[in-house]
1. Please go through (1) at pLDDT 90 or above; (2) surrounded by fewer than 17 Cβ atoms within 10 Å (Cβ to Cβ) for F230 and return the number of the only condition it doesn't satisfy.
2. Looking at S344, S394, S390, which one is without any contact (Cβ under 8 Å) to a residue 24 or more places away in the chain, over 19 Å from the mean Cα position of the chain (by Cα) and not assigned by TED's automatic domain parsing to the domain that holds A46?
3. Looking only at region 64-102, count every residue that is of a type outside the set (S, T, N, Q) and over 23 Å from the mean Cα position of the chain (by Cα) and tell me the total.
4. Only one of these conditions is not met by S369: (1) part of a helix (DSSP H, G or I); (2) among the polar types (S, T, N, Q); (3) farther than 20 Å from N183 by Cα. Which number is it?
5. Got at least one residue in region 434-457 being part of a helix (DSSP H, G or I), in contact with a helix residue (DSSP H, G or I) (Cβ under 8 Å, 6 or more places away or on another chain), among the basic types (K, R) and at pLDDT below 85?
6. Which members of region 296-354 meet the condition of being of a type outside the set (G, A, S) and not in a helix (DSSP H, G or I)?
7. Among the candidates I268, I272, I257, single out the residue that is modelled with pLDDT of 90 or more and in contact with a Gly (Cβ under 7 Å, 6 or more places away or on another chain).
8. Hey, can you tell me all the residues within region 111-131 that are free of Cβ contacts under 8 Å to residues at least 24 places away in the same chain and not aliphatic (A, V, I, L, M)?
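The values are calculated or read from the model by the stated rules, or taken from the named source; none is laboratory data. If you're wondering where the values come from, they're calculated on a predicted model, not measured in any experiment. Note: ideal-geometry Cβ built from the backbone for every residue, glycine included; neighbour counts use all protein chains shown.
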Amino acid sequence: MAKKNNGKDFIIFILLIALFSSILFFLLGNWNQFIAGIIFITSILAFLFFWRFRVGIVAIGLTLLILTGTIDIETSLKFMNFDIIIFLIGMMVLVAMLRDVGFFSWIGIRLNKFAKFNAKNLFVIILLLSAVMAALVGEVISILFISTLIISICDQYKVNPVKYVISAVFATNIGSSWTVLGNPIGIIIAMRAGLTFEDFIRWAFPVGLASLLILVLLMLLILRNDIKTFQQNINKKIKSENSKSVDEIIETVDKTIDKKALKIGVTIFFSIIFLISIHARIEALLNLEKNTFLIIAPIAGAGVAMVWRREKAQKYVERVDWWNLVFFIFLFSIAGCISYVGLSDRMAISIANYSKSLPLMVILISLISAFASSVIDNVVLVTSFIPIISSLASSGINVFPLWWALLFGGCYGGNITQIGSTANIVALGVLEKRKHYYIKPKEWIPVGLVAGIIPAIIGLIFLLVQI
């Protein structure tokens with residue numbers, strides 16, 4: 001059956017490439033833009049259909065871009081976003097340390113107590129926690145923490161964690177729009193548009209909160225049977241504990257944990273989180289280049305953790321998800337080539353030219369950025385739209401709602417596909433590394449469309465009412 005499905009997928013894959021090649025060749029009339037566009041589309045389709053081969057696919061795609069002269073080595077290296085890669089390495093080492101000292105078992109059992117060992121309550125709490133953490137410490141840190149926590153809890157009750165991790169990713173992407181700290185595109189837009197933290201609370205938070213509440217209700221409905229099974233397993237686990245009280249169950253878990261190591265590990269981790277949250281102030285105080293401390297803080301924390309737990313330091317580094325980090329490096333470079341050859345600018349200018357009114361501009365930017373961000377790095381997407389919105393502002397158009405349309409589309413559209421945001425790929429990497437599970441597009445996209453389009457529509461309605 002697998003071979004038949006692979007053959008069918010391959011035929012669809014080839015037909016789609018042929019279709020997009022014909023369209024791009026007819027529309028673009030620029031060889032470099034055609035090559036960049038078709039290699040990018042081919043890469044996207046390839047790892048949507050053949051996810052397990054994604055690293056090889058993006059490596060071949062980048063090689064073709066360089067060999068055809070579409071992009072040079074120096075420029076491709078610039079687009080690889082090594083600052084993000086270094087940041088992720090540091091955070092992954094810290095998460096490995098937290099898991100080693102038993103933090104996830106410790107907090108998992110206490111979340112269960114707070115939820116009164118009710119699967120539905122626990123699920124809602126995790127979704128809310130995912131969104132809040134994303135808003136406060138960023139989507140990457142949040143999903144690394146939450147996905148590891150979910151797997152730990154699900155392992156305890158012998159439940160498949162996949163659907164719960166996907167749900168947490170949806171909540172994370174929504175929560176990342178709440179504040180300027182939640183998503184890199186929020187920082188970019190805030191700097192270019194002159195928006196403040198208070199502006200995000202006034203404009204982005206209400207939309208994001210409404211979207212999160214609707215998402216929770218939808219996921220409770222979609223996963224109702226899974227949650228029932230989860231509850232049955234919780235009940236079985238409690239019974240197997242010989243009718244122990246909740247406090248006795250917690251005590252049993254606590255006996256397996258080194259309390260001193262737990263306290264030190266948690267102190268290191270949350271000290272780094274705090275330093276990350278105030279990195280801009282530290283950089284200003286020390287006269288450092290922007291985002292220097294943001295990148296250095298997790299590396300410093302990882303260094304402290306590895307010196308402290310030196311006998312396990314090598315294991316912490318081995319637990320870093322190198323497979324997906326290599327994927328990120330090549331994918332960032334391919335996506336950056338779209339901007340390098342001017343294709344993304346050309347698309348954005350066409351959108352602006354065809355808009356006849358401000359409401360139509362809001363609709364186009366919101367919907368196009370939502371769907372585009374599901375297949376392209378949203379930082380590249382936002383960067384390509386910024387000069388267009390800026391030029392509209394210089395012509396006297398009120399572009400204030402356009403910035404929010406770009407933010408909502410860029411954040412919420414990430415839910416549509418499994419490669420729609422950095423948080424998605426990080427979570428999938430955790431699932432692959434811990435559970436050896438590979439998510440297919442048909443498992444993600446049907447629910448992802450709902451989780452991405454509904455928040456985008458809520459944001460769009462909100463903006464149109466405000467105009």
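1. (2)
2. The unique qualifying residue is S394.
3. Residues in region 64-102 being of a type outside the set (S, T, N, Q) and over 23 Å from the mean Cα position of the chain (by Cα): 12 in total.
4. Condition not satisfied by S369: (3).
5. yes
6. R309, R319, V320, D321, V341
7. Just one listed residue meets the conditions, I268.
8. F114, K116, N121
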